[in-house]
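The values are calculated or read from the model by the stated rules, or taken from the named source; none is laboratory data. Since this is a predicted model, take the numbers as computed values, not measurements. Virtual Cβ from ideal backbone geometry, glycine too; neighbours counted across all protein chains shown. The area values use the complete protein model at the heavy-atom level, side chains included, leaving out ligands, DNA and RNA. Shrake-Rupley method; radii C 1.70, N 1.55, O 1.52, S 1.80 Å.
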Amino acid sequence: LILPVSRGARVREIRPPMKLTFRPTVVPSDLEAVRQIVQSTGFFTDDEIDVAVELADAELGAAGSSGYNFIFCEREGRVLGYTCFGPVICTEGSYDLYWIAVHRDHQGSGVGGRLLARTEKSIRGMGGRRIYIETASRELYRPTQGFYLKAGYTKEAVLRDFYSEGDSKIIYVKHLG
């Protein structure tokens, strides 16, 4: 909906809120959706994209017993983003968020925040007490780092030069109430 405005004023588009649906199961078409979503971000190498698809494929083949959990966000049958997470082996209530990705066309629309909130709720329901997230320190990842901080995560550790010289691993954590 575009509203008429007076001469010289900025035109502002008002969009109705997106009706989103969320589901925890992986279906065959998700493999290509995951590939497209992760690829669209421009953040990941071909090897990393393949890993994202492999995790979804592992869960699809294991019918819920792979150890990887997913939440897909859809609008009108199209997958806009997803998360992949799971318990940290040999811990009590610690979970890793392995992937959170939103298609480039839908970033900044609230999809990522809603996916993260759903994921946190799911982890809490499974007895999770803490969520750990890893990301890179490169300039490209500054918006990602800001997203985690805004969502209530704290920087727990920095592993210097982890990914490559000058690219450290940053680990964020959130304690669930």
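Can you list the strands (runs of 3 or more DSSP E) lying wholly within the range 1-109 that have 1 or more residues being of a type in the set (D, E, K, R), farther than 21 Å from LEU176 by Cβ and at pLDDT 95 or above?
On the way: elements: 21-23, 69-75, 78-87, 94-102.
Answer list for the range 1-109: 21-23, 69-75, 78-87.
Of the residues ASP161, ASP105, which single one is among the acidic types (Asp, Glu) and on the phi > 0 side of the Ramachandran plot? Quick ask: steps written out before the conclusion?
On the way: ASP105 fails: on the phi > 0 side of the Ramachandran plot.
Selected residue: ASP161, the only one of ASP161, ASP105 that is among the acidic types (Asp, Glu) and on the phi > 0 side of the Ramachandran plot.
Which of the residues belonging to the range 112-149 are open to solvent by less than 30 Å² (accessible area, probe 1.4 Å), more than 15 Å from the chain's Cα centre (by Cα) and either more than 22 Å from PHE43 (Cβ to Cβ) or not small (Gly, Ala, Ser) (or both)?
Within the range 112-149, GLY128 is the sole residue that qualifies.
Please go through the range 118-148 and pick out each residue that is closer than 13 Å to PHE85 by Cα and among the aliphatic types (A, V, I, L, M).
So in the range 118-148, the residues closer than 13 Å to PHE85 by Cα come out as 118-124, 126, 128, 130-134.
Listed by number, the residues that qualify are ILE123, MET126, ILE131, ILE133.
Restrict the check to the range 151-172 and report whether at least one residue is assigned to a helix (DSSP H, G or I) and loosely packed, with under 12 Cβ neighbours inside 10 Å.
Within the range 151-172, the first condition is being assigned to a helix (DSSP H, G or I), and the residues that meet it are none.
No, there is no match, as no residue in the range 151-172 is assigned to a helix (DSSP H, G or I) and loosely packed, with under 12 Cβ neighbours inside 10 Å.
Among TYR141, TYR132, TYR148, which is in contact (Cβ under 8 Å) with a residue 12 or more places away in the chain, in a strand (DSSP E or B) and not basic (Lys, Arg)? I'd like the intermediate steps shown before the answer.
Numbers: TYR141 fails: in a strand (DSSP E or B); TYR148 fails: in a strand (DSSP E or B).
Answer to the check: TYR132.
Pull out all pairs, ordered by first then second residue, where Cβ-Cβ is under 6 Å, the residues are six or more apart or on different chains, the first lies in the range 159-172 and is without any contact (Cβ under 8 Å) to a residue 60 or more places away in the chain and more than 16 Å from TYR148 (Cα to Cα), and the second is surrounded by 14 or more Cβ atoms within 10 Å (Cβ to Cβ) and among the aromatic types (Phe, Trp, Tyr).
Close Cβ pairs satisfying both conditions: SER168/PHE162.
Is it true that some residue in the range 95-104 is closer than 22 Å to ILE170 by Cβ and among the small types (Gly, Ala, Ser)?
yes
Need the failing condition index for GLY113 against (1) within 16 Å of PRO24 (Cα to Cα); (2) modelled with pLDDT of 95 or more, just the number.
(1)
For the range 129-138, check the following and say yes or no: at least one residue is out of contact with any Phe, Trp or Tyr (no Cβ under 9 Å at 6 or more places or on another chain) and not hydroxyl-bearing (Ser, Thr, Tyr).
First, pick out the residues of the range 129-138 that are out of contact with any Phe, Trp or Tyr (no Cβ under 9 Å at 6 or more places or on another chain): none.
Checking the range 129-138: not a single residue is out of contact with any Phe, Trp or Tyr (no Cβ under 9 Å at 6 or more places or on another chain) and not hydroxyl-bearing (Ser, Thr, Tyr).
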